[in-house]
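Nothing in this text is a laboratory measurement; each read-out follows from the coordinates by a stated rule. All figures in this text were calculated on a predicted structure; none of them were measured in a lab. Counting neighbours? That spans all protein chains shown, and the Cβs are built from the backbone with ideal geometry, glycine included.
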Amino acid sequence: MTLRQSLTPDERPRERLIRLGPGALTDAELVALMIGSGLPGRHAIGVAHDLLAASNGLRGLHQQTVGQLQRIKGLGPARACQLAACFELAARTSLSEIRRGSVMRDIKRVKSYCRTLLSSEPIEHCVALLLDSQQQIIECCEISRGTLNEAPVYPREVVKLALTHHAKSLILTHNHPSGNAQPSAEDIVLTNALAQALALIDVVLLDHIIVAGPNVVSLVEQGWAGPCPD
């Protein structure tokens, strides 16, 4: 069953997008346009509803790997790759908009960047934002990736990155796939150890940002004794 067969021209998502713009479409209609077609007896919007339900919504669908997507009924390798590519383009667009000409002194901007970077990651990632003397991003470097609960970080590796890129300051960020954004005792220990290691090479650790889905916590805002962006 196709959308052309089951919907009037005014109801079809492609025609509605052309007429009203993408913002007028539901999540299911947008996903239907990305996957292109449905299954026997089930049009593309119905399949899209099934995908969203199986993934607990759009954010859950975004978090699926290509392998996981292929196991959802209605998605083969081509459609799974197409969906993953669409989500990745959206994330890169958001990051480039936040990053372009940004001075990372505003804690709201820092949090927004880190949330966009890590909120959809299904396993723990740790990333360093290396900054110049104006606190603009020189480079965004992944330090480690691990399991659902742990991504080991070694201060010496972060120090090496800071020296390589001639950074003047640094913001550390990592995600908690568990959904709890509160820092653990290990997070506090790591933050203090890293701050001390970076101080030896005159690089300032400005903050440590923890991301758990839509929730973002700044250790500076929580009272960690480090310098806070203006």
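Cross-link partners of Lys168 among aspartates and glutamates, defined as those whose alpha carbon lies under 19 angstrom from its own and excluding same-chain residues fewer than eight positions apart: Asp106, Asp132, Glu139, Glu142, Glu157, Asp202, Asp207, Asp230. Residues in region 171-178 carry Karplus couplings, in order, of 10, 8, 9, 8, 10, 10, x, 5 Hz; the curve used is 6.51 cos²θ - 1.76 cosθ + 1.60 with θ = phi - 60°, and Gly or Pro positions show x.
What does DSSP give for the chain in terms of the percent of beta bridges that are antiparallel, rounded to the nearest 5? Bridges in the chain that DSSP calls antiparallel: roughly 70 percent.
A DSSP coil position with no more than 10 other Cβ atoms inside 10 Å describes none of the GluC sites (Glu not before Pro) in region 1-92. For the pair region 177-221 and region 109-131, the centres of their Cα atoms are 12 angstrom apart.
Scalar couplings 3J(HN,Hα) for region 70-81, obtained by applying the Karplus form with A = 6.51, B = -1.76, C = 1.60 to θ = phi - 60°, are 5, 7, 7, 4, x, 10, x, x, 5, 5, 4, 5 Hz; x denotes Gly and Pro. By the scheme Lys and Arg +1, Asp and Glu -1, what is the net charge of all other residues having a beta-carbon under 12 Å from that of Ala193? It works out to a net charge of -1. Based on every Cα atom in region 101-218, Rg and the maximum pairwise Cα distance Dmax equal 13.1, 35 Å. FRET efficiency for the pair Ile188 and Ser133, taken as 1/(1 + (r/R0)^6) with r the Cβ-Cβ distance and R0 = 22 Å, rounds to 0.20. Based on Cα contacts under 8 Å between residues 6+ apart, region 101-218 shows a relative contact order of 29 percent.
In region 101-218, what percentage of the DSSP-assigned beta bridges are antiparallel, given to the nearest 5? Roughly 70 percent of the DSSP beta bridges within region 101-218 come out antiparallel. Calculated FRET efficiency, Ala90 to Lys168, Cβ-Cβ distance, R0 = 35 Å: about 0.65 to the nearest 0.05.
Normalising the average separation of contacting C-alpha pairs (under 8 angstrom, six or more residues apart) by the number of residues puts the relative contact order of the chain at 14 percent. On the principal axes of its alpha carbon atoms, region 3-93 extends 35, 34, 22 Å, with the longest extent given first.
Ranked by the mean number of other Cβ atoms within 10 Å per residue, highest first, peptides 65-75, 157-167 order as 157-167, 65-75. Straight-line reach from Lys73: taking Cα to Cα under 22 Å and skipping same-chain neighbours fewer than 8 places apart, no lysines fall in range. By the helix-only formula, in which each DSSP H run with n ≥ 4 contributes -39500 (n - 2.57) and the sum is divided by residues, the chain has a 222 nm mean residue ellipticity of -13500 deg cm²/dmol.
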